[in-house]
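Participant: This is the structure I have questions about; it appears just below.
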Amino acid sequence: MPELQEEALLPLSTNRSALRAPANRAPELAVIVPTFNERTNIGELLRRLCAVLEGVAFEIVVVDDDSPDGTAELVRELAAQDPRLRCLVRIGRRGLASACIEGMLSSSAPYLAVIDADLQHDERLLLQMLEILRSGQADLVVASRYLEGPEVAGWAEERRLLSRVGTVLARMWPRLRTLHDPLSGFFAITRTAFEATARRLSGLGFKLLLDILLSAPVPLRIKELPYRFSPRQWGASKLDARVAVEFVLLLIDKILGGRIPPRFVLFAAVGGLGVLVHLGTLVILHEYLAVAFLRAHTLATFVAMTCNFAVNNALTYRDRRLRGVAWLRGWLSFLFICSLGALANVGIAAVVFARGESWPVAALAGILVGAVWNYAVTSVFTWGDRSTP
Ligand code: GDD
Ligand code: MN
């Protein structure tokens, strides 16, 4: 636990630096704090930030994804007493990286820092980060867990391994090779460098730093500072299987240069899996249970579509997952739309084949058109996502 200045323990309203807030000075540093269910931590973090940044013209932007524990209400109460604090609430959205991007875009400060709300990042590094950016030595300062040996306290073995594997994967990119902790969640960047990158960001998952590093039009000048990643004291980590999937999607998106929506890549991969489910079901029904071929094939189609729907609902549309009655309605619309997709698939394949192309080309053309149709139409009608391109 970092040592606290006495002042940091007082409520925000009685914090002396807060009362001396230079309200008419535009902020030089914006500290972006993403939150999801951090009511138990956020007050303490804000007090620590105010204490450590004494004398700096700063603002704090808490970006909360409508946490059910009332994080945003608490931040707003505190913000009512301190103009340097703002709360940005996103409704019906989830995601650490996209929350940080939106927080960063909401500020005009020349320097931007991102820090977790759960007191695992050592906020005392912020001043040093700011000084390095001010001096112009670097565009980006990363607080690195792995600079002086592993500095991660209290992590379970799996989590340690996951972080290691992720770091090794990320460091396969030439421009990341020299960096010790490209997956750090604690860093500061100049607004100029951020803005040059902002439009290319994928905004997926947890790893905004990695996204920035891989999206920057020219390699950034980076400086790393060592720190110790403290154990979380209150609340729970939000890193789960979905976040791991988003990490893989982020890498795919960067490999494809952002040309194909990663959601489509996942949707198509699930479709590929559906073919295996279809064949497996067919073998069981037809070979082992002696169901007539056409009947077995029809049933297998139905099973595969249902399976695809369930997996897409859990993974591809994890942020708009349907449950209960909505699940049933979604499933029916998915079956209907994909049946039309199958018709389009067969129709296109027939036309291409009739034009003298070879059967694999005709089949692939049909599959591609069917997949794009299924993806585009189900995204809007099944999962109600109006933002799909
Ligand atoms: N707005 C928003 N939306 N915030 C989120 C979300 C979300 O969907 N998910 C998590 N957060 C917030 C948490 O409330 C916390 O403040 C911060 O993001 C980090 O989340 P944790 O769940 O505590 O992540 P972690 O401790 O496992 O990992 C963090 O630290 C690592 C080391 O720096 C992340 O920042 C990792 O990306 C990082 O590698
Ligand atoms: Mn954490």
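The values are calculated or read from the model by the stated rules, or taken from the named source; none is laboratory data. This is a predicted model, so every value here is computed, not measured. With ideal geometry, Cβ positions are generated from the backbone for all residues, glycine too; neighbour counts draw on all protein chains shown.
Participant: Check the stretch 220-241 and report whether any residue there is in a helix (DSSP H, G or I) and either away from ligand 2 (no atom under 16 Å from the Cβ) or within 23 Å of residue 204 (Cβ to Cβ) (or both).
Facilitator: Yes: the stretch 220-241 contains one or more residues that are in a helix (DSSP H, G or I) and either away from ligand 2 (no atom under 16 Å from the Cβ) or within 23 Å of residue 204 (Cβ to Cβ) (or both).
Participant: Checking residue 217 against (1) under 27 Å from the mean Cα position of the chain (by Cα); (2) outside the structural domain of residue 171 (by TED's automatic domain parsing); (3) free of Cβ contacts under 8 Å to residues at least 60 places away in the same chain, which test does it fail?
Facilitator: The number of the failed condition is (2).
Participant: Which members of the stretch 260-278 meet the condition of being part of a helix (DSSP H, G or I) and either farther than 19 Å from residue 374 by Cβ or not hydrophobic (A, V, I, L, M, F, W, C) (or both)?
Facilitator: Within the stretch 260-278, 262, 263, 271, 272, 274, 278 meet the criteria.
Participant: Count, please, the residues in the stretch 90-101 that happen to be surrounded by fewer than 22 Cβ atoms within 10 Å (Cβ to Cβ) and more than 9 Å from ligand 1 (Cβ to nearest atom).
Facilitator: Of the residues in that region, 2 qualify.
Participant: Scanning for something surrounded by 17 or more Cβ atoms within 10 Å (Cβ to Cβ) and touching a residue at least 24 places away in the same chain (Cβ under 8 Å), does the stretch 280-296 turn up at least one residue?
Facilitator: no
Participant: Further, regarding this structure: Step by step: first the residues of the stretch 215-248, then only those that are among the aliphatic types (A, V, I, L, M) and within 15 Å of ligand 1 (Cβ to nearest atom), then the one that is modelled with the lowest pLDDT. Which residue is that?
Facilitator: The qualifying residue modelled with the lowest pLDDT is 241.
Participant: If you take the residues in the stretch 345-369 that are outside any helix (DSSP H, G or I) and of a type in the set (Gly, Ala, Ser), which one is nearest to residue 268 (Cα to Cα)?
Facilitator: Among residues in the stretch 345-369 that are outside any helix (DSSP H, G or I) and of a type in the set (Gly, Ala, Ser), the one nearest to residue 268 (Cα to Cα) is 358.
Participant: Looking only at helices (runs of 4 or more DSSP H) that fall completely inside the stretch 71-155, which ones have 2 or more residues that are touching a helix residue (DSSP H, G or I) at 6+ places or on another chain (Cβ under 6 Å)?
Facilitator: 71-79, 96-105
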